[in-house]
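Everything on this sheet refers to the single structure shown next.
Just so it is clear, none of the values below were taken in a lab; they were calculated from the coordinates. Quick caveat: nothing in here was measured; it's all calculated off a predicted structure. Virtual Cβ from ideal backbone geometry, glycine too; neighbours counted across all protein chains shown.
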Amino acid sequence: MTAELGPPNGVVELDPLQQEGIAAVLDRHLALVEGVSGPGDADIDVLDYRITVHPAGASVVLALDAPSLLAAEDAAASVLDELIGESEVLAGWSVAHSEVRITEDEFNRLAASGEAVVDELEAAVEEALESSAEPAMDVEQWRARFLGLAPRLRAFGPEAFGGPGDAASLAAGALVHAVRVVTDEVFYDELALAVNNATVADAVGLLVLEELPPCYDHRYDAFFARAFVLASMPVAERLTASSWTPPRSVAEALALRLFVNEARVALEAAELMNWDDSEPVFAGFAARAAGGMALDELYEIDLPLAGDAEPETAAQAAKLEAELHSRGLAFDQWFAPRDGDPAQHPYLDSL
């Protein structure tokens with residue numbers, strides 16, 4: 001099923017930042033939808049979805065496992081209407097129109113084809129999903145996006161990236177872009193960990209939490225992911241403030257590190273700056289922004305400091321943990337403000 005969502009009356013065109021925001025909201029809500037109830041209490045599963053946001057609104061494709069096309073249509077309408085109704089950000093939005101991407105005749109033909117139905121239906125679903133994907137942006141479009149986002153990074157001037165120039169502006173814009181990407185990816189990882197009751201050490205296919213120090217992989221569960229989102233929020237807000245406040249905790253410093261890494265990945269993927277060239281551009285920024293908090297040693301530890309340790313390594317792990325604790329880098333210190341100010345989100349108190 002494809003549906004076109006229209007913005008509130010009076011909105012002529014969504015600017016790039018509004019488009020990114022709407023995409024993030026839709027993705028966050030749809031990622032949580034596993035299914036809905038259909039006619040006769042039938043369970044209708046949401047298998048996959050694609051979102052494409054454009055200046056005039058948003059296109060949503062839903063792949064559904066339903067007993068009939070009518071049930072699929074009703075389920076799609078229910079999902080989207082509930083999504084719009086529950087989100088304040090989408091107040092005033094509406095479903096402009098919807099349509100079936102696989103016709104009744106095609107559906108019946110595939111359903112009657114016996115064992116071959118699985119492969120052919122999957123191919124048809126994949127084709128419908130891929131045909132709705134947002135067209136790839138070229139180099140100049142990415143350049144325009146990053147340059148347009150650059151003024152949002154108010155806490156630092158171009159000198160933080162080596163001085164005025166195109167490279168500094170692209171780096172600033174890519175960093176703002178990276179905040180959204182990393183935030184979305186943490187939400188995705190949190191959902192994957194929660195559904196599977198897993199930690200990063202047990203999970204596969206995660207997007208960003210695997211980039212945290214591997215020595216504590218067994219401590220990164222869904223609860224940690226939610227806390228990490230909260231810790232990253234003030235970092236993102238301070239980047240857009242008129243002055244910069246360095247990270248107050250290890251978790252905040254790690255969030256900043258992830259933002260920087262993603263910005264470099266985005267610049268390389270857009271073919272605007274390769275990895276080697278972006279290193280000196282962001283080195284000065286990282287030195288200024290980190291406020292003297294060095295995290296490299298956490299990444300250099302190749303011994304698990306959580307979970308069931310082998311007897312021969314348990315003593316070594318305990319020694320490393322004690323050394324980290326003496327420098328304020330042990331896991332149980334990550335969310336504690338290092339400036340002594342007790343003000344922080346209450347959710348973080350239980351970590």
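Worth a mention:
- Stretch in the chain that is longest and holds no GluC sites (Glu not before Pro) that DSSP places in a loop and that have at most 13 other beta carbons within 10 Å: 35-270
- Kirkwood hydrodynamic radius over Cα pairs of region 244-351, then Stokes diffusion coefficient at 4 °C and 1.567 mPa s, in µm²/s: 81
- Placing unit charges on each Cβ (+1 for Lys and Arg, -1 for Asp and Glu) gives the chain a dipole about its Cα centre, and among Leu5, Ser37, Gly157 the Cα reaching farthest toward its positive end belongs to Gly157.
- Distances between placed amide hydrogens fall under 5 Å for Leu47 paired with Ala63, Leu64, Asp65, all partners being 5 or more residues away or on another chain.
- Here the dipole of the chain is about 1920 debye; that uses its Cα centre as origin and unit charges on the Cβ of Lys and Arg (positive) and Asp and Glu (negative).
- Label zone at Ala343, where the point sits 7 Å out along the Cα-to-Cβ direction: region 242-269 residues whose backbone N lies under 20 Å: 242-253
- With the cut-off at under 13 Å, measuring from each backbone N in region 221-239 to a point 7 Å along the Cα-to-Cβ line of Asp202 picks out 221-223.
- Summing charges over all other residues whose Cβ lies under 13 Å from the Cβ of Ala144, with Lys and Arg as +1 and Asp and Glu as -1, gives -2.
- Think of the chain as a dipole: +1 on every Lys or Arg Cβ, -1 on every Asp or Glu Cβ, centred on the Cα centre; then among Ala76, Val61, His177, His177 lies furthest on the positive end.
- Taking region 1-33 and a reference point 7 angstrom along Cα→Cβ of Ser68, the backbone N atoms nearer than 18 Å belong to 1.
- Amide H contacts of His54: Ser59, each under 5 Å away and 5 or more positions distant or on a separate chain (H built 1.01 Å from N in the peptide plane; Pro and chain starts excluded).
- Answer label, with semi-axes √(5λ) of the Cα gyration tensor in Å calculated from the coordinates and candidates (1) 40, 27, 19; (2) 45, 20, 17; (3) 33, 29, 16: (1)
- Cα centroid separation - region 155-218 against region 240-258, whole Å: 13
- Here the 3J(HN,Hα) profile of region 18-33, calculated from phi with Karplus coefficients 6.51, -1.76 and 1.60 at θ = phi - 60°, is 5, 4, 5, x, 5, 4, 5, 5, 4, 5, 4, 6, 5, 5, 8, 8 Hz, Gly and Pro shown as x.
- DSSP loop trypsin sites (Lys or Arg not before Pro) with at most 16 other Cβ within 10 Å: longest gap in the chain: 155-326
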